Amino acid sequence: MKNRSILALLACVLLSAVAAAPATAAKPDKTDKQPLYLALGDSWAWGYGATNVGQPGYVEQLAPQLREDLKCVPAKCADLQLLNISVPGATTPSLIAGQLPQALQILAERNGDRYPRNDVEVITITVGGNDVNAPIQGACLGGLSANCFSTIQSELGAYRTDLANLLSQLREAAGPDTRIVINTYDNPFPSCTLGQLGGVIQLANLVLEGGPGVPEGLNDVIRDVAANYGVEVAEVFGDLGPGDWLGGNDCLHPNSTGYTKVAAAFDEVLAG
């Protein structure tokens, strides 16, 4: 019966990851010579779980902050446009297959023309949680076995390779002057049903930040790969509290106040 309960909870968590249907990418307000903020990523970047009126996901909260705080030369960042092409449920391979070609085309058109005022000034990325979540839960909810540790290492290794592929292509296309920022993830399990199972919260911390048997966690991979390509890191781990998650059967997504804290982490990097 215990195994059936775990599987039922796991099914609820996995269903929440695809609960939001992919949205058509929003288009910039204008198509003239204004600078651009381009957002890529998964359901965090898309803003799934943001329900408070006036408090959308972190991308939509970050954009007006950057219009006030960011310094753009020769463009004026007060005119910064936003294009969010993120897709709920995205993994790094699906982002590379779907969002990256569109991003590379935009970068070629804007950063490759002779008008520096319309360049892509900022790219933000949130991706990786969906890469590792389901496989590691499947292997590790029964305990920290040899198979569990092997799965963690395998999934993180695949993520490292995919993330390097993504960031290298973005940096080459964007050039050295475009700010590219990726965020770390925080641990949602203390606020959700699955976190009530023994060892799950500790397992999530181990996967995110590493520890005995896991020399580098997901967030360590993000920091390490980002540094190789001049990509900055918005540190989110530890920022969100119990009231900043959807909770219940959703063990993945912040709520509106959580996204406000994610936006603040990006703004601190970009304009601090």
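The values are calculated or read from the model by the stated rules, or taken from the named source; none is laboratory data. Note that the structure is predicted; figures quoted are calculated from it, not measured. All Cβ positions, even for glycine, are placed from backbone atoms using ideal geometry, and neighbour counts span all protein chains on display.
Scanning for something free of Cβ contacts under 8 Å to residues at least 60 places away in the same chain, closer than 20 Å to Ala39 by Cα, of a type in the set (A, V, I, L, M, F, W, C) and surrounded by 15 or more Cβ atoms within 10 Å (Cβ to Cβ), does segment 86-96 turn up at least one residue? Within segment 86-96, one or more residues are free of Cβ contacts under 8 Å to residues at least 60 places away in the same chain, closer than 20 Å to Ala39 by Cα, of a type in the set (A, V, I, L, M, F, W, C) and surrounded by 15 or more Cβ atoms within 10 Å (Cβ to Cβ). Just one residue in the set Leu218, Leu194, Leu203 is farther than 16 Å from Val262 by Cα, crowded, with 20+ Cβ neighbours inside 10 Å and modelled with pLDDT under 95; that residue is Leu194. Inside segment 39-55, residues that are in contact (Cβ under 8 Å) with a residue 40 or more places away in the chain and surrounded by fewer than 20 Cβ atoms within 10 Å (Cβ to Cβ) make up a count of 3. Among the residues of segment 131-156, write down those that are among the acidic types (Asp, Glu) and either farther than 20 Å from Cys251 by Cα or crowded, with 21+ Cβ neighbours inside 10 Å (or both). Matches in segment 131-156: Asp131 only.
Candidates in segment 66-76 are the residues that are surrounded by fewer than 18 Cβ atoms within 10 Å (Cβ to Cβ) and either in contact with a Leu (Cβ under 9 Å, 6 or more places away or on another chain) or basic (Lys, Arg) (or both); of these, the one that is modelled with the lowest pLDDT is Lys76.
Here is a yes/no grid of residues against (1) under 30 Å from Ile106 (Cα atoms); (2) in contact with a Ser or Thr (Cβ under 8 Å, 6 or more places away or on another chain):
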{"position": "Glu172", "(1), (2)": "yes, no"}
{"position": "Thr184", "(1), (2)": "yes, no"}
{"position": "Phe189", "(1), (2)": "no, no"}
{"position": "Leu197", "(1), (2)": "no, no"}
{"position": "Leu203", "(1), (2)": "no, no"}
{"position": "Gly238", "(1), (2)": "no, no"}
{"position": "Gly243", "(1), (2)": "no, yes"}
{"position": "Asp250", "(1), (2)": "no, yes"}
{"position": "Glu268", "(1), (2)": "yes, no"}
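Just one of the listed residues (Gly247, Gly230) is farther than 30 Å from Pro101 by Cβ and in contact (Cβ under 8 Å) with a residue 40 or more places away in the chain, namely Gly247.
Give segment 46-62 a look and list any residue that's within 18 Å of Cys251 (Cβ to Cβ) and of a type in the set (A, V, I, L, M), or say none. The one that is within 18 Å of Cys251 (Cβ to Cβ) and of a type in the set (A, V, I, L, M): Ala50.
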